[in-house]
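Reading through the structure tokens given below for one structure.
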Amino acid sequence: MDAATVRWKRSRSTPFGFTLVEIMIALAIVGVLTAIAVPNFIRFQARSKQSEAKTNLRALFTSEKSYFGEREAYSPFARLIGFTPERGNRYAYRLTPGCGNPEVRAGGAVANASPLTIDCVEVDLGRYPGAVAQPATAGGVPVWLPPANNPTTPASISDAASTLAGCPICSFSGSAAGNVDTDAVIDTWFISSVDATVVAGPCWEGTPAGGNNPAGQPFNLNNDVGC
């Protein structure tokens, strides 16, 4: 028997493939890795969606400050200050607590009977047809800290109508509310022209309870990602 035949017979006698135990071990390892990776990936996706709220609230702050530089007053009206979030927004933005004159984004053209007095921007239902147009803000109301040179502070997490004699609308705050995942928790952010002390809440992170949130800094008052 030549050497080639011997090698062929040896190769035929060598077992190929995996045993059932080896397959079960491999599946168990894949299952553990999946259980770790998938929730982290979903959480990462949700956090990336929160960047919309932070970006637009900073744009709101900049718009209000620019308007104040020209008029020496803040305004609760989005069009007057040039605040126009891009279409496809998953958050609703409020400049007043009541949202009495919303910019409706229902899939077609933007609709509003009185465009100059828009005080909030609804969620774009054309992009997110299953969403709520005006999600309720959540997480409580910050305690505002009036600075020495500002005699009034916002009344709630979105109230730009604080006025005093001789001081037309000298402070403002705005909020963003939206759902970044599939649960019922609403992600809520706020920003203001004055510092605020935040109180403890079930779903917020960042500034500790009783700590200051600086003016112009978006704060996640109710965190949909970690709740």
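General observations
- Some residue of region 123-144 being acidic (Asp, Glu) and assigned to a loop (DSSP other than H, G, I, E, B): yes
To keep it simple, each residue is scored yes or no on (1) of a type in the set (Gly, Ala, Ser); (2) at pLDDT 80 or above; (3) under 14 Å from the mean Cα position of the chain (by Cα); (4) surrounded by 15 or more Cβ atoms within 10 Å (Cβ to Cβ).
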residue	(1), (2), (3), (4)
143	no, yes, no, no
152	no, no, no, yes
159	no, no, no, yes
168	no, no, no, no
202	no, no, no, no
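- If the condition is being small (Gly, Ala, Ser) and either out of contact with any strand residue (DSSP E or B) (no Cβ under 8 Å at 6 or more places or on another chain) or within 12 Å of residue 222 (Cα to Cα) (or both), then region 183-200 contributes 184, 200.
- The listed residue being modelled with pLDDT of 70 or more, touching a Cys at 6+ places or on another chain (Cβ under 7 Å) and in a loop (DSSP other than H, G, I, E, B), out of 180, 194, 185: 185
- Among residues of region 54-112 being assigned to a helix (DSSP H, G or I) and of a type in the set (Asp, Glu), the one that is surrounded by the most Cβ atoms within 10 Å (Cβ to Cβ) is 64.
- Pick from region 113-141, criterion closer than 28 Å to residue 183 by Cβ and touching a helix residue (DSSP H, G or I) at 6+ places or on another chain (Cβ under 8 Å), ranking: surrounded by the fewest Cβ atoms within 10 Å (Cβ to Cβ): 120
- Scanning region 64-122 for residues that are under 21 Å from the mean Cα position of the chain (by Cα) and aromatic (Phe, Trp, Tyr) turns up 83, 91, 93.
- Filtered residue count, region 204-222, keeping only those that are in a loop (DSSP other than H, G, I, E, B), modelled with pLDDT of 85 or more and under 29 Å from residue 131 (Cα atoms): 3
- Taken together, the criteria exclude residue 37 from residues that are aliphatic (A, V, I, L, M) and at pLDDT 80 or above.
The values are calculated or read from the model by the stated rules, or taken from the named source; none is laboratory data. Model, not experiment: these values are computed from the prediction. Because the Cβ atoms are built from the backbone with ideal geometry, glycine has one as well, and the counts that use them run over all protein chains shown.
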